[in-house]
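Here the structure comes first, spelled out in structure tokens, and everything after it is commentary.
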Amino acid sequence: MDTAQRGMGLSWPAARELTRRSADLAARLGGVIASGAGTDQLPPDRIHSPRILDAYQEQLLAVQETGSQSS
């Protein structure tokens, strides 16, 4: 995935699905991929200081569950 697309219209659910599909394909081909994690599931129009760590953990867990390496 081009990480430049994160936060530029590619929603978190779509990115999560793309990560899942990419990791699945890589595993079937004997490879591995790395996938980024961020906080783009949080609405951009508010301050989220208390939720930032939870948002990162949510995405890291989702990436790790796919078998992709998190970065």
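Scanning region 28-44 for residues that are out of contact with any strand residue (DSSP E or B) (no Cβ under 9 Å at 6 or more places or on another chain) and closer than 16 Å to W12 by Cα gives T39, Q41, L42, P43, P44. Scanning region 12-71 for residues that are without any contact (Cβ under 8 Å) to a residue 24 or more places away in the chain, surrounded by 15 or more Cβ atoms within 10 Å (Cβ to Cβ) and acidic (D, E) yields one hit, E58. When D40 is tested against (1) acidic (D, E); (2) touching a helix residue (DSSP H, G or I) at 6+ places or on another chain (Cβ under 7 Å); (3) modelled with pLDDT of 85 or more, exactly one condition is not met: (3).
Every residue in region 33-71 that is farther than 18 Å from R20 by Cα and of a type in the set (D, E), please. The answer is D45, D54.
The values are calculated or read from the model by the stated rules, or taken from the named source; none is laboratory data. Keep in mind it's a predicted model, so treat the numbers as computed, not measured. Every residue, glycine as well, gets a Cβ built from its backbone with ideal geometry; the counts of neighbours run over all protein chains shown.
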